[in-house]
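Beneath this line is the structure, given in structure tokens, with notes to follow.
Bear in mind these aren't lab numbers, they're just calculated from the coordinates by the rules spelled out. This is a predicted model, so every value here is computed, not measured. Cβ placement follows ideal geometry from the backbone for every residue including glycine, while neighbour counts extend to all protein chains displayed.
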Amino acid sequence: MASPVFGFADLHCHVMAHLGFGGHLLAGFPDGDIERALSRCDLHLHGAWGLGQFGRDWPLVQAFIEGGFGHGPCGHGTYADWPSFSTMAHQQVFVDWLKRAHDGGLRLLCSVAVHNELLGAQMQRRGQPLDSDERSIEKQMRELRRFVARHASWMGLALSAAEARRLISEGKLAVVAGVEVDSLDSLRGDRAALNKHPLTPQHLPRIFEWLRDQGIRMMTPLHLANNSLGGTAVYDDKFNLLNHYLRGRYIDVEGSNQVSFRMGHDLGFETRAAITVYEVMHGARYPGGYALNAPGLGHINRMGLTPVGEAFLREAMRQGFILDVDHMSTHCTNAALALAEGSGYPVVASHCAFRDQALEPHETSIKGKRAHEGMKTREQARRILELGGMLAPITNQHELKDFPGSSVANDCARSSKTWAQSYQYAVSLLREVGRGGVAMGTDFNGLNQQPGPRYGPHAAHGLVDDTLRVKRRRQQQINQLNAPPLPYSGTMYRTDVPFVRSRAGSREFDFNTDGLAHIGLLPDFIRDLVHVGMKDEQMDPLFSSAEAFLRMWESCEARGAALVAGELLDASIPRLS
């Protein structure tokens, strides 16, 4: 039996996302000369103050993508505004930073090809063809292979569990390719035909052959919209617009007392603006009935796993793919888990949150902090672990309830202390179940923000704009000042690499005031977790997560082979007429 590997895994990162969304949304490249790769975005992509290229291309979404109206000039030189923990559209996985994360213990990285056809259409430049999900995945996978080959001295693309184990044993970073798009069912080669002729099991061999040929070994069957396979989790009205754009209809919801998110309720300024723009551009009025229908505390998607979706998952298991059940509706998740349990097949939740930890509706004005369908229930999380699967709490947790008995004070919203509550919750389930693993899911470059700092003007950032909780922010900031900041001394946690500040150009990064600004600060994030009270024994599952992933993957491959062998054996048994 192979010796266990040591180190942590990030199960959800978008290394090549600069090629997604039409290739004109995310500023910066993951590789090359830093001066060119991270050049000023206002000069080459985002336009003056991040408002778009006036007179040539000016997508309205550009002005709001960073969570406000535009942004200042940022990039190589001072790096004054980028990298930042709060960025949505700037590169955070530059190769030098990724190498620093590897030095700090990152041993396995799931690089997920991502695309959104509505955003791609918004960002499309004149005269250029619109990227389909398939075309975008091809671009990202082509460049991922080149990227890994250019840095083969310390990383490699793993096409099997054995290859990943070998890479890590050689001291390298094992990169596992995944895919997360809205229309995974369209990869049969003819998107136009899909709208006229629904997906059938006969189309599946072509999809899986294409995925394997691309080097993809991990998949998220559902993303932000319904597709032929099943229903998506509802937790943002903007994704409902995407569903209408792709499928020609808005999502049907039903009431549920397990969640408090309600479609069409408590719409913020940006969501209202997005709905208005969409209605004007597409002549599709947003349903007003969401405010009245589906009695219950909150809304969930009525759509579950479809028959062809079940066939898809069965074939994915037969072929040994790693299945990610994030983004599935409640009905779809439960059906997928039942299918996996029937085959003894492990699955992952690669960038998850948990409903038990959500705030109550009366506690917060921010819908994303309330329980919603995208969060896993306690039962679902346990079922994933009981299968030998993995939970990877997403690093940006906004604000959570206290984890009972936590060794880390939950007194700085959206910081390392917040993620500690989610991680400890996941580890508590791991201890109860006695199987599976717990890793992290950063979602870097996924139009997602990261944990903020505990000191400085951005401390306790999770309370900003929350009208019901913002008054707590000043006290939380004071709480941090009463304790010493993270010192830059000694070595990175559980390594012999000196723990010094990361640098880019003339900028020096201090996790205390910068938060998780880029992937190279993961060692700082981990050191801060220990600094604020995480015990070594609590960190053990994280630093065993690369090994847990390999064992889970080995199980996927073995179960896939067993399923095929069982079908062959079953077919050889004579049938009585």
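Below is a table of values for the structure above.
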quantity	calculated
Distant-in-sequence amide H partners of TYR493 (H built 1.01 Å from N, under 5 Å)	ARG527
Fewest-first sequence of VAL497, VAL148, VAL234 by Cβ atoms within 10 Å of each Cβ	VAL497, VAL148, VAL234
Mean ellipticity per residue at 222 nm, deg cm²/dmol - from DSSP H runs of n ≥ 4 across the chain, formula -39500 (n - 2.57)	-11000 deg cm²/dmol
Loop-resident sites, the range 429-530, for chymotrypsin sites (Phe, Trp or Tyr not before Pro), counting at most 16 other Cβ within 10 Å (DSSP)	TYR488
Sequence-distant residues sharing a close amide H with LEU106 (under 5 Å, placed H)	PHE8
Over the chain, relative contact order from alpha-carbon pairs under 8 Å, at least 6 apart, %	18 percent
Proxy reagent accessibility, fewest Cβ within 10 Å first, across LEU391, LEU38	LEU38, LEU391
Distribution of pairwise C-alpha distances over the range 434-503, 5 Å bins, in %	3, 12, 13, 15, 19, 19, 11, 7, 1, 0
Cα Rg, Dmax (largest Cα-Cα span) when computed across the chain, Å	22.7, 80
Cα-projected label distance for ALA121 with ARG146, points at 7 Å along beta-carbon direction, nm	2.9 nm
Antiparallel bridge percentage (DSSP; both residues within the chain; nearest 5)	25 percent
Residue exposure sequence - LEU119, LEU25 - by fewest surrounding Cβ within 10 Å	LEU119, LEU25
Cα-projected label distance for THR467 with LEU297, points at 7 Å along beta-carbon direction, nm	2.3 nm
Contour minus Cα-Cα distance for LEU43 and GLU209 (0.36 nm per residue)	55.6 nm
Lys, Arg +1 and Asp, Glu -1 on Cβ, resulting dipole of the chain about Cα centre, debye, nearest 20	220 debye
Axial C-alpha extent at least 27 Å, average Kyte-Doolittle at least 0.0 - helices from the chain (DSSP)	545-572
Net +/- balance of residues flanking CYS332 in space, Cβ distance below 12 Å, scoring K and R +1, D and E -1	-2
Difference of contour (0.36 nm per residue) and Cα-Cα distance, GLU432 to ARG378	18.3 nm
For the range 494-500, Karplus couplings with θ = phi - 60° (6.51, -1.76, 1.60), whole Hz, Gly/Pro x	6, 9, 10, 8, x, 8, 10
Distance from the range 410-482 to the range 295-342 (C-alpha centre basis), Å	29 Å
Other-chain or far-sequence residues with amide H under 5 Å of THR377's (modelled H)	ARG355
Per-pair calculated FRET efficiency, R0 = 56 Å: ARG249 and TYR488 via Cβ, rounded to 0.05	0.55
